[in-house]
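See structure below.
The values are calculated or read from the model by the stated rules, or taken from the named source; none is laboratory data. Keep in mind it's a predicted model, so treat the numbers as computed, not measured. FYI the Cβ positions are ideal-geometry reconstructions off the backbone, even for glycines, and counts take in every protein chain you see. Accessible surface areas use protein heavy atoms only, side chains included; no ligands, DNA or RNA. Shrake-Rupley method; radii C 1.70, N 1.55, O 1.52, S 1.80 Å.
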Amino acid sequence: MACGRNELKHVPLFALLDDEEAAILAAQVELKKFAPRQRIYKMGDPGQHAYVMISGTVQVTTVDEDHQEVLVDEPGHGDFFGFASMLEQTPHQTNAMAIEETVCIEVSRDDIAILLQRKPMAGMDMLTVLGRQFHASQQLVRVRASRNANELIEQESTMG
């Protein structure tokens, strides 16, 4: 199913694209519908496509060393998943499953390449958004990073 320009404008990664850039990308990508409990991709599948959430619920999971399924992400509207594998052209390192009826934009590396060939400055727009997300992640780590436990105990301990 074709994707419209307006759907792309609600995606943070593509929010800075101008109308012409969004139209080029919209002509390349597709809207995909997934039924409840339908697998979008599984660990080890070729990372040919990435997905952007439009509606529904998806759980992205992995399996830990104890063979337990671990929830990695539940992307919301406009969030993407599977992008690292798609960009690196490596197998997916997670599983993605639709929990309820879900609509996603399916994006391939070629879709991004065509946009960048026609509109090279669109790459700067997308990098700007990724840079903001990177800074937000860094800030979160700075705020949440725990201090040395021994130092905390030493500060709190009293003589006596």
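Overview of values
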{"quantity": "For segment 82-97, Karplus couplings with θ = phi - 60° (6.51, -1.76, 1.60), whole Hz, Gly/Pro x", "calculated": "x, 5, 4, 5, 5, 5, 7, 6, 10, x, 4, 9, 9, 10, 10, 9"}
{"quantity": "Mean residue ellipticity (222 nm) of the chain, computed from DSSP H runs ≥ 4 via -39,500 (n - 2.57), nearest 500", "calculated": "-11500 deg cm²/dmol"}
{"quantity": "Table column - 3J(HN,Hα) (Hz), segment 27-35, Karplus curve with 6.51, -1.76, 1.60, x for Gly and Pro", "calculated": "6, 8, 8, 10, 8, 10, 9, 10, 7"}
{"quantity": "Probe 1.4 Å, all protein chains present, accessible-area order of ASP66, ASP73, ASP19, largest first", "calculated": "ASP66, ASP19, ASP73"}
{"quantity": "Accessible surface of the chain, 1.4 Å probe, proportion on carbon and sulfur as whole %", "calculated": "51 percent"}
{"quantity": "Nearest-10 value in Å² for the accessible area of GLU100, using the 1.4 Å probe", "calculated": "90 Å²"}
{"quantity": "Kirkwood-type radius of the chain, with distances r between different C-alpha atoms, in Å", "calculated": "17.6 Å"}
{"quantity": "Residue order for VAL52, VAL70 - accessible surface, 1.4 angstrom probe, largest first", "calculated": "VAL70, VAL52"}
{"quantity": "Probe 1.4 Å, all protein chains present, accessible-area order of THR158, THR62, THR102, THR128, largest first", "calculated": "THR158, THR128, THR62, THR102"}
{"quantity": "Centre separation in Å (Cα based) which lies between segment 86-109 and segment 4-80", "calculated": "5 Å"}
{"quantity": "Average accessible surface area per residue within the chain, 1.4 Å rolling probe, Å²", "calculated": "64 Å²"}
{"quantity": "Farthest toward positive dipole pole in segment 1-102 [+1 Lys/Arg, -1 Asp/Glu at C-beta], among LEU13, VAL29, THR94", "calculated": "VAL29"}
